Amino acid sequence: MNHAYQLPLDDARYNFGFMDEYAKREIRRAILKAICIPGYQTPYASREMPMGRGFGTGGLQLTLSLIGSDDTLKVIDQGSDDSVNAVNLRQFVANTCPGVETTSATEQASIIQSRHRIPELPLTETQTLVLQVPYPDALVVVESSEARRKTMHGEGDYSRLLTKLYEDMVKFKEITISHRYPTRINGHYVIDPSPVPRYDVPKLHQSAALTLFGAGREKKIYAVPPYTNAEPLVFDDVPFRIEDFRDAHGKRIACSRCGSQDSFLDELPMADGSKQWQCSDSDYCNQQLMKASMTRGLNA
């Protein structure tokens, strides 16, 4: 374990939340601007963190700028509370923010920092979702110049992005984007919603929680405020489609651990060459197991 994650709580050299107050204030101002202009990529002076770029530094800076001693934090990676990235980030925040509680229960958290997933349980008005973002601009796949991309965003010109989706339809008979699906926010800006699967994109629409996106390497912050329209970029005659978890007979595949048939599933290859499916959201899976156990106890 890197010793940077093991900061002594009584060491006066480290501020609460690791970053200095000037840095936090600047990030909070950028967050306010991002909320006022939904979907707009707000630039900010991304600080150096004691971890490599690409390991969640953008999301971590947002969390450290917002968190207080009365907050409860949940950190997940690919839906799991126990992955290396989630454990390291959670431990870093716990070590640098005395008094902050951590949890694996979605409903108990006031701040949820996530990589690649939005929790299965609907979030509430008292919660903030922070998503780690590697590439914030949905237009980067069709335009390499940032200056031109800014002009295109300002004019709401997403014709080249729509052309790419159309070319997918011509070549493959469907839109092949599996994650980072371009999503129009509040009728104007199209964002890259982090590498969340398409299954999670509808959860952004009219969500009660504030959703913040932090790209540390690209130095951008953007937001989907509560109760804001978030609409996947589609054609009128080609409806948006999420991942299909049905077997060859058209039956919805169930989680092999908890039996859930309404969650996003991860495919797990087995030693014998077969495969199993399991809930990506570990907390949701545990809750379903607990409910099933209680039901069996009542029926016994």
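Quick note: the coordinates plus some simple rules give every number you see, no bench work behind them. This is a predicted model, so every value here is computed, not measured. Here the Cβ positions follow ideal geometry from the backbone for every residue, glycine too, while neighbour counts run over all protein chains shown.
Can you run phi through the Karplus equation (6.51, -1.76, 1.60; θ = phi - 60°) for segment 188-202 and list ³J(HN,Hα) in whole Hz, with x for Gly and Pro?
9, 5, 9, 10, 8, x, 6, x, 6, x, 4, 4, 8, 4, x
Compare the peptides 171-177, 129-135 by average per-residue count of other Cβ atoms within 10 angstrom and give them in order, highest first.
129-135, 171-177
Stretch Val142-Arg25 to full length: gain in nm at 0.36 nm per residue minus the Cα-Cα span? Please report the intermediate quantities before stating the final value.
Values: separation 117, 0.36 × 117 = 42.12 nm, distance 3.43 nm.
Contour length minus the Cα-Cα distance gives 38.7 nm.
Please work out how much length the chain gains when fully extended from Cys36 to Met270, using 0.36 nm per residue of separation minus the C-alpha to C-alpha distance, in nm with one decimal.
Working: separation 234, 0.36 × 234 = 84.24 nm, distance 4.79 nm.
The Cys36-Met270 span can extend by a further 79.5 nm.
Under 12 Å from a point placed 7 Å out from the Cα of Ile253 along the Cα-to-Cβ direction: which residues of segment 264-289 have their backbone N that close?
264-270, 274-280
How much length would be gained if the chain were fully extended between Thr72 and Gln206, taking 0.36 nm per residue of separation minus their Cα-Cα distance, in nm to one decimal? Provide the component values of the computation, followed by the final result.
Working: separation 134, 0.36 × 134 = 48.24 nm, distance 2.37 nm.
Once the chain is fully extended between Thr72 and Gln206, it gains 45.9 nm.
If the elastic network links every pair of Cα atoms under 10 Å, which of Ser110, Ser280, Ser256 fluctuates the most in the Gaussian network model of the chain?
Maximum among the listed residues: Ser256.
Can you list residues whose amide H is under 5 Å from Glu101's amide H, if they're 5+ apart or on another chain and H is modeled 1.01 Å from N?
Asp71, Leu73
Cross-link partners among lysines for Lys275, C-alpha distance below 30 Å, same-chain residues fewer than 8 apart left out?
List returned: Lys74, Lys171, Lys173, Lys203, Lys251, Lys291.
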